[in-house]
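Participant: This is the structure, below, for whatever I ask next.
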Amino acid sequence: MKFPKRYVIVLLTFICTNVCYIERVGFSIAYTVAADAIGVNQANKGMILSMFYYGYVLSQIPGGWAAQRIGGRRVLLLSFVLWSLICGLIPLDPNRVTILVLSRLFVGVAQGFIFPAIHTVLAQWVPPQERSRSVSLTTSGMYLGAACGMLFFPSLVKHMGPQSVFFVEAVLGVAWSLIWLKFSSDPPRIDLPKVSMPKVASRDTIKAQAGGVVAPRTVKIPWRRIIFSLPVWAIVVNNFTFHYALYVLMNWLPTYFELGLQLSLQDMGSSKMVPYFNMFIFSNIGGVVADHLITRRILSVTRTRKLLNTIGFVVSAFALMALPLFSTPSGTIMCSAISLGFLALGRAGFAVNHMDVAPKFAGIVMGVSNTAGTLAGIVGVGLTGNILEGAKASNKDLTSSETWKTVFFVPAYLCIFSSVIFLVFSTGEKVFE
């Protein structure tokens, strides 16, 4: 049997998100070590760590537009080449603040094109009955990448220095770019689900109708309807909350381990990757369960999305609130693993919903939604640094888990609020033709 090309595309997008998150976690680990070595305060660390998201937010909607106009395949390649070159050429020196700020800003801009482009590519290649598990597999690459970064980079930094992380990231980025260039392609009609087509149609229209999900590149994008759509806003709110919780834990959990638990990442061994590996597992479980419920007609698409989203976000909220109550590494890792795992499960709700409500404009809607998710990175990472610096100024002990309660309670409350919004306003039906 011939291995369907769409499976190759899904696998490559999975590796793509994997490498992207290896880069993000790698910078967080390498910069934290370099900054701590010269005594950079928590607020300034938060500022540098959040600069990526300032660039990232600028390119989300342009990324969806570019993928719609010139094709997601090309946009993915260009963005990967750009951020890989920056990682390979820029020195990691906490004293050279301007260079670090600009480099993280441009890496953010380059990576901001990636997820809207991925959604455009998947909308072209993946039929509806495979949608949940394909998107879940692709996005689970983020968590496996974060797990790999947490596992390998602390030892690499210890033995080879922080700059070695940049070199590894650049090599991985260039390697993926070459593989994508060789094996990716626009979808041929034979590998797409069959639907009826008019006798006379343009090449773009034939391709769109063959897949049933891709709008012609010259079609007018319904910006006004997208912006004022309540189902879209339900996705946007949940994307914001998901990324607020994820980015706060990704960027500040290493600091919590070192300050709150007096434990370095190097001493934690493989346990530090458990939360992200849990996300990888639960993300794929969510995708398989969602497709099973829908294809077996156990639940409608709408009820499936709402069920998984609610379970994921509510359980995650309670785990976040429990996290600072534990003063042991095992308890902290357990709570963070449950929280991030169920957040990933929730992606089978809101994250796949882009393709439900707007299959022909999935990249555009993803760009709008991910803009909110990126703002969460700017707000969450920067705000957490200021919360800790304010606590320090008030003579509170940063080694006490009590001081960290606010850091974890904010995303917990957001999770509960967002799950209610999704329950009330989301739909699994097509909204935009």
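Participant: Cβ neighbours within 10 Å, averaged per peptide: list 156-169, 45-58, 346-359, 404-417 in order, most packed at the top.
Facilitator: 346-359, 45-58, 404-417, 156-169
Participant: Right, next: Would you calculate, for the chain, the mean residue ellipticity at 222 nm contributed by helices, counting each DSSP H stretch of 4 or more residues as -39,500 (n - 2.57) and dividing by all residues, to the nearest 500?
Facilitator: Calculated at 222 nm, the ellipticity per residue is -25500 deg cm²/dmol.
Participant: Here's another thing I want to ask about it. Using a 1.4 angstrom probe and counting only protein chains, how large is the accessible area of residue 182 in Å², to 10?
Facilitator: Number for this one is 150 Å².
Participant: With a 1.4 Å probe and all protein chains in place, put 176, 233 in order of accessible area, largest first.
Facilitator: Ranking 176, 233 by accessible area, largest first, yields 233, 176.
Participant: Which entry is the computed Rg and Dmax of the Cα atoms in Å for this structure: (1) 23.2, 81; (2) 22.1, 66; (3) 21.0, 75?
Facilitator: Computing Rg and Dmax of the Cα atoms in Å and matching it to (1) 23.2, 81; (2) 22.1, 66; (3) 21.0, 75 gives (3).
Participant: Run the paramagnetic zone check for residue 405: 7 angstrom along Cα to Cβ, then residues of segment 315-353 with backbone nitrogen under 17 Å.
Facilitator: 318-328
Participant: Could you give the length gained by full extension between residue 7 and residue 167, i.e. 0.36 nm per residue of separation minus their alpha carbon distance, to one decimal place?
Facilitator: 54.6 nm
Participant: Which of the residue pairs 5/220; 45/405; 158/182; 182/272; 272/405; 306/360 have a Cα-Cα distance greater than 25 Å in the structure shown?
Facilitator: With Cα atoms farther than 25 Å apart: 5/220; 158/182; 182/272.
Participant: Separation between the residue 174 and residue 69 pseudo-spin-labels, each 7 Å from Cα along Cα→Cβ, expressed in nm?
Facilitator: Between residue 174 and residue 69, the simple spin-label model gives 3.1 nm.
Participant: Further question on the same structure: Taking 1 over the mean of 1/r across every pair of different Cα atoms in segment 226-284, what Kirkwood radius in Å do you get?
Facilitator: For segment 226-284, the Kirkwood estimate is 13.7 Å.
Participant: If you don't mind, there's one more thing I want to ask. Please report the carbon-and-sulfur percent of the accessible area for segment 1-187; probe 1.4 Å, protein heavy atoms only, DNA, RNA and ligands left out.
Facilitator: 72
Participant: Give the shape of segment 285-433 as rounded, prolate or oblate, defined through the alpha-carbon gyration tensor: a ≥ b ≥ c are the square roots of its eigenvalues, a/c under 1.5 means rounded, and otherwise the shape is prolate if a/b is larger than b/c and oblate if not.
Facilitator: Since a/c reaches 1.5 and a/b is larger than b/c, the shape of segment 285-433 is classed as prolate.
Participant: Might you tell me the accessible area per residue for the chain, computed with a 1.4 Å probe and given in Å²?
Facilitator: Per residue, the chain has 39 Å² of solvent-accessible surface.
Participant: Tell me whether segment 305-391 comes out rounded, prolate or oblate; compute the Cα gyration tensor, take square roots of the eigenvalues as a ≥ b ≥ c, and use a/c under 1.5 as the rounded threshold.
Facilitator: oblate
Participant: Near residue 280, within a Cβ-to-Cβ distance under 14 Å, what is the net charge of the other residues, with Lys and Arg +1 and Asp and Glu -1?
Facilitator: Summing Lys/Arg as +1 and Asp/Glu as -1 gives +2.
Participant: Using the beta-carbon distance between residue 43 and residue 302 and R0 = 45 Å, what value does 1/(1 + (r/R0)^6) give for FRET efficiency, to the nearest 0.05?
Facilitator: After rounding, the FRET efficiency stands at 0.55.
Participant: Once whole DSSP H runs in the chain are found, which of them have Cα atoms spread over 20 Å or more along the helix axis and a mean Kyte-Doolittle score of at least -0.5?
Facilitator: TM-like helix candidates: 5-37, 42-58, 72-89, 97-112, 131-160, 163-183, 230-259, 274-295, 301-322, 329-346, 362-393, 405-425.
Participant: Still on this structure, I have one more. Rank these residues by their accessible area, most exposed first, probe 1.4 Å: 121, 424.
Facilitator: 424, 121
Participant: To continue, here is another question. What full-extension length gain, to one decimal in nm, is calculated for residue 393 and residue 417 as 0.36 nm per residue of separation minus the Cα-Cα distance?
Facilitator: 5.6 nm
Participant: I need the shape label for segment 1-187. Rule: rounded when a/c is under 1.5, else prolate if a/b > b/c, else oblate, with a, b, c from the alpha carbon gyration tensor.
Facilitator: prolate
Participant: Working with all protein chains in place, sort 73, 133 by solvent-accessible area computed with a 1.4 Å probe, largest first.
Facilitator: Largest accessible area first, the residues go 133, 73.
Participant: Can you compute the label reach from residue 228? Point 7 Å from Cα along the Cβ direction, backbone N cut-off under 20 Å, restricted to segment 411-425.
Facilitator: 425
The values are calculated or read from the model by the stated rules, or taken from the named source; none is laboratory data. What you see is a predicted model, and the numbers here were worked out from it, not measured in a lab. Note that each Cβ is placed from the backbone with ideal geometry, even for glycine, and that neighbours are counted across all protein chains shown. Areas reflect the complete protein model, heavy atoms only, side chains present, ligands, DNA and RNA absent. Shrake-Rupley method; radii C 1.70, N 1.55, O 1.52, S 1.80 Å.
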